[in-house]
Amino acid sequence: MKIKTKLRLGFGFLFLVVLFFGSMSLYYMNKISVSSKVILKDNYKSIRFTGEMRTILDDFQLPLPEPVIRKFRAFLAEEQKNVTEKGEGQAVLALTNAFKRLSDPLTDMREKEQALQQARQQLRLIDQFNMGAIVRKNDAAQRGVEQAASYLIFTASMCFLILFSFIVNFPGFVANPLRELSEAIKEISRKNYKQHLDFKGTDEFAELADAFNAMALQLNHWENSNLAKLQSEKLRIEAIIEQMHDAIIGLNEKKEILFLNKEAGQLLQLNQQETVGMDAAALMEKNDLLRGILQIENTDKPMKIYADNKESYFQLERRVIMVQNLDDQSGQVLTQTGKAAGEVYILKNITRYKELDEAKTNFIATVSHELKTPISSLKMSLKLLEDDRVGQMNTEQGELVQHMKDDCGRLLKITSELLNLAQVETGKLQLNFVRTDPRKIAIYAMDSVRFQAEQKSIELELISRNHLPEVNVDTEKTAWVLVNFLSNALRYSTENSKVVIQVIESGHEIEFSVRDFGKGIEEQYLERLFDRYFQVPTDGQNKSGSGLGLAISRDFIAAENGRIWVESALGEGSRFCFALPLAD
């Protein structure tokens, strides 16, 4: 029988039990209600009628007035209709005869008094009949209530026993197989693939047990067939790690040395065979280099280590080993998709690249320095050519000299940027921090580019309030960044436009920004604007620089513990910003 059918039968049985108990309760409650209504309906009315008639006889003297006689006759008629008890009919008939004599005007007073006594006697007799009936019916109703209560208590007890037995036994029908299945799954999670289930019957649990046993059998075959393959792959991976030229150190989740290749052993001066399996914390106490590798937080900065009989540079990479979580945690299997099984530290020898980079930087610094002097001399010579005392030039010669001056200016700017870049890359950047009014820095930068702005009829607008908090910065480097922003804004702005310089206090910082209203920068180029040598593609109308200005600006602001960013959208212009912390 299927589980669904068993559940339907079980709950159907419960429904029938509840329906039977409810029917019994309604039946006996209705029976008690009917008994009570009979008592109130018949006998109580008779007692009320006799009471009204007795009141009339007590309140009025003989002979009775005509209105009183009519009232008495009405109550007597009601009583004649409500005769229910044995003997009550004869009493009512005698009362009727007595009332006829009592109400007959021809009857003498003595006979009326006898009729009055007889009427009173019959009224008492009618009351006795009805009171006795009330007592008798009340006793019968009480016995019926007691009998109904006994039946209901017996029925309730039987229903309780049946339901209690059902509640105790029926859930086990579903819960016990599920508990066995859960325990079997836990054993499978512990790689006990010999676990089997034995559910008798033809229901879904039996089918589930057959499927589970088939799965466990397949897993057992898979485990046995893949064990040799896993061992082979392990040896292969160990051989690959051993042959790598990078130093590799592996830790397990317990911070124990999992593997250590030859390069790492030579670099750390550790024996591979003795080190594997040891606690990394204990090794760090004896090996400062290992402690520095395992405890380093910033892996972007190269490490300087003495190796190969010279100071060498290594780039550290730290990677967490993630594996599928198959542990049983708090009775729940597979509580998460993965867990950390250890860490791998890779030291890449970048000494050769570092040496090439230093050679490149020194070459750029040397060439820039050597070019700066002749370019300055050329610029001075061109300035002398423009002097009328040297001689007059025609229009074409003047234009050629002006072009040469512009080219010399660009070359001089590029050499200056290359020299600044060389200082940053070699770590020789020197900053002279002083407390400065941020507004003065902005005014100085505006004065530096004012002539260039006037040539293109561009208005320079400064938005700033007086008495801003001071900043502790290198004034020259900060002004250089602001001048670079302004030069770029003027270059990409149209004539008769405006460039807005804003200096405001924002939180614990002073924010500088330069906004132009040019064509803006595409979103795809915004993330690369501060990269070295990157230049936004132009339409040829604006001569681009070296691509170093924004990169050097980023380095200058970072050295002053500031932030730098750009906001731009096509058709809306660009806004270059940097923020510097307030002076303490």
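Selection within the range 249-293: residues that are touching a Phe, Trp or Tyr at 6+ places or on another chain (Cβ under 7 Å) and touching a residue at least 24 places away in the same chain (Cβ under 8 Å). The member of this set that is nearest to Y313 (Cα to Cα) is I293. Looking only at residues in the range 475-514 that are assigned to a strand (DSSP E or B), touching a Phe, Trp or Tyr at 6+ places or on another chain (Cβ under 8 Å) and touching a residue at least 60 places away in the same chain (Cβ under 8 Å), the one that is farthest from E560 (Cα to Cα) is V514. Of the residues making up the range 515-530, those that are among the basic types (K, R) and in contact (Cβ under 8 Å) with a residue 24 or more places away in the chain are R515, K519. Would you say T84 is among the hydroxyl-bearing types (S, T, Y) and either over 19 Å from P63 (Cβ atoms) or not in a helix (DSSP H, G or I) (or both)? Here the answer is yes, as T84 does meet what is asked.
Considering only residues that are modelled with pLDDT of 80 or more and surrounded by 11 or more Cβ atoms within 10 Å (Cβ to Cβ), which ones fall in the range 155-178? Within the range 155-178, just M158 meets the criteria.
Just one residue in the set E146, E52, E85, E78 is among the charged types (D, E, K, R), closer than 30 Å to L26 by Cα and either surrounded by 13 or more Cβ atoms within 10 Å (Cβ to Cβ) or touching a Pro at 6+ places or on another chain (Cβ under 7 Å) (or both); that residue is E85. Restricting to the range 262-276, name every residue that is out of contact with any Gly (no Cβ under 8 Å at 6 or more places or on another chain) and at pLDDT below 80. Residues satisfying the conditions are K262, E263, A264, G265, Q266, L267, L268, Q269, Q273, E274.
Considering only the range 88-109, I want to know if a residue exists there that is within 29 Å of A141 (Cα to Cα), touching a Ser or Thr at 6+ places or on another chain (Cβ under 9 Å) and not in a helix (DSSP H, G or I). The answer is no, given that none of the residues of the range 88-109 is within 29 Å of A141 (Cα to Cα), touching a Ser or Thr at 6+ places or on another chain (Cβ under 9 Å) and not in a helix (DSSP H, G or I). Reported count of residues in the range 264-276, each being surrounded by 11 or more Cβ atoms within 10 Å (Cβ to Cβ), assigned to a loop (DSSP other than H, G, I, E, B) and not β-branched (V, I, T), is 1.
In the range 293-353, counting only strands (runs of 3 or more DSSP E) that sit wholly within it, the ones holding 2 or more residues that are at pLDDT 75 or above and exposed (fewer than 13 other Cβ atoms within 10 Å of the Cβ) span 310-323.
The values are calculated or read from the model by the stated rules, or taken from the named source; none is laboratory data. What you see is a predicted model, and the numbers here were worked out from it, not measured in a lab. Heads up, the Cβs are rebuilt from the backbone with ideal geometry, glycines too, and the neighbour counts pull from every protein chain shown.
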